[in-house]
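Peer 1: The structure follows.
The values are calculated or read from the model by the stated rules, or taken from the named source; none is laboratory data. Computed from a prediction, not measured in an experiment: that's the story for all the values here. Heads up, the Cβs are rebuilt from the backbone with ideal geometry, glycines too, and the neighbour counts pull from every protein chain shown. Protein only, heavy atoms only, side chains kept; ligands, DNA and RNA dropped before computing areas. Shrake-Rupley method; radii C 1.70, N 1.55, O 1.52, S 1.80 Å.
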Amino acid sequence: MDSGSKTEQISEDTSAIKEMFSTLNIKVDTISPIRLGKYDPTSSARRRPVRIRLPHTDAVADVIRLSGKLKSVDKFKLVSLSRDRTPAQIGYYKRIKQQLTDRMLAGETGLSIKYIHGVPKVVQARNYSGN
C-alpha cells in the first residue's frame, strides 16, 4: 500500500468515526484511528478492524454505552464496538463463560453473564421464573 492510499484510508476512517460519534451525540476533539492486522489487497470483502484511541476514559465509557443506538442507523448497522481487553481479561472472560456452560449443563437455568462494575459475573437472570 503506498503512502497516499494509507493517508486516504486514515482520512476516511477519521471522517467515518466522527460521523459515528456525531450520530451518538458524543463530542471528541482528538481521534486516532489505527487499522489492525495485515493489509491484504486480495481480501477486500472483509475490512480490518479499527482501534480508536480516545483522550479520556469517560469518552470510552460513553461510546460503549451508547453504541447500541448505532444498530438503528443503516450506515452503522454492522459496526461493532468493544473495549480493548488485555490477554488476562480475555482469559478471565473465557473462564466465566466456561463456568456458565458447566452450570447450565448441570441443570441450572436462567443464568447469564452480567458485567458488575466492569467485571463479568455469572448471575441469575432477573425476573426469571423457572420450572
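Peer 1: Measure off, as a whole percent, the carbon and sulfur share of the 1.4 Å-probe accessible area of the chain, all protein chains present. Each step should come with its number before you reach the end.
Peer 2: Numbers: 5270 of 10270 Å².
Using a 1.4 Å probe with all protein chains present, the chain comes out at 51 percent carbon and sulfur.
Peer 1: May I ask you to list the lysines whose Cα is less than 27 Å away from that of K18, ignoring any residue fewer than eight positions away on the same chain?
Peer 2: Straight-distance partners of K18: K6, K27, K38, K69, K71, K75, K77.
Peer 1: Taking amide hydrogens as modeled 1.01 Å from N in the peptide plane, which residues meet the under 5 Å criterion relative to L111, leaving out close sequence neighbours?
Peer 2: For L111, the qualifying residues are A125.
Peer 1: Also, quick follow-up: Spelling out what I want: for every residue of the stretch 89-97, take phi, set θ = phi - 60°, compute 6.51 cos²θ - 1.76 cosθ + 1.60 (Karplus), and round to whole Hz; glycine and proline get x.
Peer 2: 5, 5, x, 4, 4, 4, 5, 5, 5
Peer 1: Counting pairwise Cα distances across the chain, what percent come out greater than 22 angstrom? Before the final figure, lay out each step's value.
Peer 2: Working: 4646 of 8515 pairs.
Result for the distance tail: 55 percent.
Peer 1: Using unit Cβ charges (K, R positive; D, E negative) and no other charged atoms, how large, in debye to the nearest 20, is the dipole of the stretch 42-131 about its Cα centre? Intermediate values should be presented prior to the final figure.
Peer 2: Working: 19 positive and 6 negative charges, 71 e Å.
So the dipole magnitude of the stretch 42-131 works out to roughly 340 debye.
Peer 1: Using the charge dipole of the chain (Lys, Arg: +1 at Cβ; Asp, Glu: -1 at Cβ; taken about the Cα centre), state which of V50, I17, V119 has its Cα farthest towards the positive end.
Peer 2: Of the candidates, V119 comes out farthest on the positive side.
Peer 1: Relative to the compact globular guide of 2.2 N^0.38 Å, what is the alpha carbon radius of gyration of the stretch 61-117, as a ratio? Display every interim value, and only then the final one.
Peer 2: Numbers: Rg = 15.2 Å, N = 57, 2.2 N^0.38 = 10.2 Å.
Here the Cα radius of gyration is 1.48 times the empirical estimate.
Peer 1: Then there is this: Using a 1.4 Å probe, how large is the accessible area of D102, given in Å² and rounded to the nearest 10?
Peer 2: Roughly 80 Å² of D102 is accessible to a 1.4 Å probe.
Peer 1: If we count chymotrypsin sites (Phe, Trp or Tyr not before Pro) as exposed when they sit in a DSSP loop and have at most 16 other beta carbons within 10 Å, what is the longest stretch of the chain that avoids them all?
Peer 2: Working: sites that count: Y39, Y128.
Counting only loop sites that pass the neighbour cut-off, the longest clear stretch is 40-127.
Peer 1: Might you tell me the accessible area per residue for the chain, computed with a 1.4 Å probe and given in Å²?
Peer 2: Each residue of the chain exposes 78 Å² on average to a 1.4 Å probe.
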